[in-house]
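Q: Shown below is the structure under consideration.
The values are calculated or read from the model by the stated rules, or taken from the named source; none is laboratory data. Since we're looking at a predicted model, the values are computed, not measured. Heads up, the Cβs are rebuilt from the backbone with ideal geometry, glycines too, and the neighbour counts pull from every protein chain shown. What goes into the accessible areas is simple: the full protein's heavy atoms, side chains included, and nothing from ligands, DNA or RNA. Shrake-Rupley method; radii C 1.70, N 1.55, O 1.52, S 1.80 Å.
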Amino acid sequence: MDILRPALINIKGRVYRKNFVQEDNYEEEEEDFSYMRPPESEDCADDEICDTYVIEQTDKGFRCAIDVPSVLYKYIIGKKGETRRRLEFDTKTSINIPKQGVEGQIVITGFHKASVSSAVTRVEVLVESFRKKQPFTHFLSFPLNHPQVQEGFLKFKEEVLQQCSKDHGVEESIFQNPAKLHLTIGTLALLNDMEVRKACEHLEECENIIRDITEGKPLQLEVTGIEYMNDDPAMVDVLYAKVGVQDGSNKLQLIADRLVEHFVSAGLMVREWDRVKLHGTVMNTRFRKDHTVEDAGGSGRPGTSGREAFDARNILKKFGAYHFGAFELNTVLLSQRYSTDCTGYYTSAGSIGFS
């Protein structure tokens, strides 16, 4: 790590320096909080931190309960409980963690308010750091599985296999499931039911924002043309269909960007790009080995993670302006990864309409 450019972590608008140490008896990297000295007085050293959490005074001192998904408990406990013991020793507090798999609150108690506040901050840094390493569980999307678009996609697949199957890496297994056609807006790691409910609530808050853009009307979309993500058309991992509003407006892009802004502000999504790259995946080399994988705005880098790229030059030449169909879009979905409903599309956790 470059000590002049240390890794930073942002929690609720506060920025902390993050150091890594590798311990022989712990299977993952842990955070080094030695730069955060335990408070020396009973007064809160950081008023902003104290205002962020409800730290209650009790007859034995102070207490604070924070919501942490059970899947992250192990990172606060550490190997053989070492991380928790170190946190408790440094901050002169007691950290009570529910049993693994039991959703609840982590309760921190101590004789001094500043001690509890310091422990809460360190736990938050740990949680935020390891949360980013969790695979995404849900994603926001515009569904493209309209019957007309599905029919156009199936014809595209048939013609590509007839005309380009001799090209390197082109085979039936790398085509998207027509029932799962969609435009990914952004991905989320929702680690318990409470976080799923929170995400649904935030999606509902976006309804008025979207209706202001669409004027309460569905968007007339056209799915025409294909494009690839990386720089070499002979080594492609992801081929996608281009989607636009028929009237030529940027309403679809604007809705996607506004949704991401809202969810990033709520701390439920990590911003990856300045603008959402709207694309409907039609071919993906990840499908070659795992048919349950769905597109999440992948990098399109050839050869990553053992993926076998395919030669898309003929496909682009012959089908570059292919028309998949037109349809009326009226929905944004919050969908669950790997789970499908009776229609074959991803199971919806929540949705909002344009009108």
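Q: Among the residues of segment 53-104, count how many are in contact with a helix residue (DSSP H, G or I) (Cβ under 8 Å, 6 or more places away or on another chain), of a type in the set (A, V, I, L, M, F, W, C) and assigned to a helix (DSSP H, G or I).
A: Of the residues in segment 53-104, 4 are in contact with a helix residue (DSSP H, G or I) (Cβ under 8 Å, 6 or more places away or on another chain), of a type in the set (A, V, I, L, M, F, W, C) and assigned to a helix (DSSP H, G or I).
Q: Right, here's the next one. Taking interchain pairs and intrachain pairs at least six residues apart, which have beta carbon atoms under 9 angstrom, with the first residue in segment 69-96 and closer than 21 Å to Thr58 by Cα and in the same structural domain as Ile55 (by the TED database) and the second open to solvent by 60 Å² or more (accessible area, probe 1.4 Å) and in a helix (DSSP H, G or I)?
A: If the second residue must be open to solvent by 60 Å² or more (accessible area, probe 1.4 Å) and in a helix (DSSP H, G or I), the pairs left are Ile95/Arg84.
Q: Considering segment 180-194 alone, what residues qualify as being modelled with pLDDT of 95 or more and part of a helix (DSSP H, G or I)?
A: Once the filter is applied, which keeps residues that are modelled with pLDDT of 95 or more and part of a helix (DSSP H, G or I), segment 180-194 yields only Lys180.
Q: Which condition from (1) open to solvent by less than 10 Å² (accessible area, probe 1.4 Å); (2) assigned to a helix (DSSP H, G or I); (3) of a type outside the set (Ser, Thr, Tyr) is the one that Leu161 breaks?
A: In the conditions (1) open to solvent by less than 10 Å² (accessible area, probe 1.4 Å); (2) assigned to a helix (DSSP H, G or I); (3) of a type outside the set (Ser, Thr, Tyr), Leu161 misses (1) alone.
Q: Out of all the residues in segment 136-148, is one or more open to solvent by less than 10 Å² (accessible area, probe 1.4 Å), over 30 Å from Leu239 (Cβ atoms) and of a type in the set (A, V, I, L, M, F, W, C)?
A: Within segment 136-148, the first condition is being open to solvent by less than 10 Å² (accessible area, probe 1.4 Å), and the residues that meet it are 139-142, 144.
Then drop every residue that is not over 30 Å from Leu239 (Cβ atoms), which leaves none.
There is no residue in segment 136-148 that is open to solvent by less than 10 Å² (accessible area, probe 1.4 Å), over 30 Å from Leu239 (Cβ atoms) and of a type in the set (A, V, I, L, M, F, W, C).
Q: Something else about it: Going by the structure shown, is Leu259 modelled with pLDDT of 90 or more and either in a loop (DSSP other than H, G, I, E, B) or open to solvent by 20 Å² or more (accessible area, probe 1.4 Å) (or both)? Show your work before the answer.
A: Values: modelled with pLDDT of 90 or more: yes; either in a loop (DSSP other than H, G, I, E, B) or open to solvent by 20 Å² or more (accessible area, probe 1.4 Å) (or both): no.
So Leu259 fails the test.
Q: I've got another one for you. Working carefully through the options Gly216, Gly104, find the one that is more than 24 Å from Arg288 (Cβ to Cβ), surrounded by fewer than 19 Cβ atoms within 10 Å (Cβ to Cβ), touching a Phe, Trp or Tyr at 6+ places or on another chain (Cβ under 8 Å) and at pLDDT below 95. Walk me through it before giving the result.
A: Details: Gly104 fails: touching a Phe, Trp or Tyr at 6+ places or on another chain (Cβ under 8 Å).
After ruling out the rest, the residue left standing is Gly216.
Q: Also, quick follow-up: Scan segment 152-180 for residues that are within 22 Å of Pro135 (Cβ to Cβ) and among the aliphatic types (A, V, I, L, M) and report the count.
A: The qualifying residues number 1.
Q: Which of the residues that make up segment 245-266 are without any contact (Cβ under 8 Å) to a residue 60 or more places away in the chain and in contact with a helix residue (DSSP H, G or I) (Cβ under 8 Å, 6 or more places away or on another chain)?
A: Val245, Lys251, Leu254, Arg258
Q: Just checking, which of Glu151, Glu124 is in the same structural domain as Pro69 (by the TED database), touching a strand residue (DSSP E or B) at 6+ places or on another chain (Cβ under 8 Å) and in contact (Cβ under 8 Å) with a residue 60 or more places away in the chain? Spell out how you get there, then give the answer.
A: Numbers: Glu151 fails: in the same structural domain as Pro69 (by the TED database).
Exactly one residue qualifies, and that residue is Glu124.
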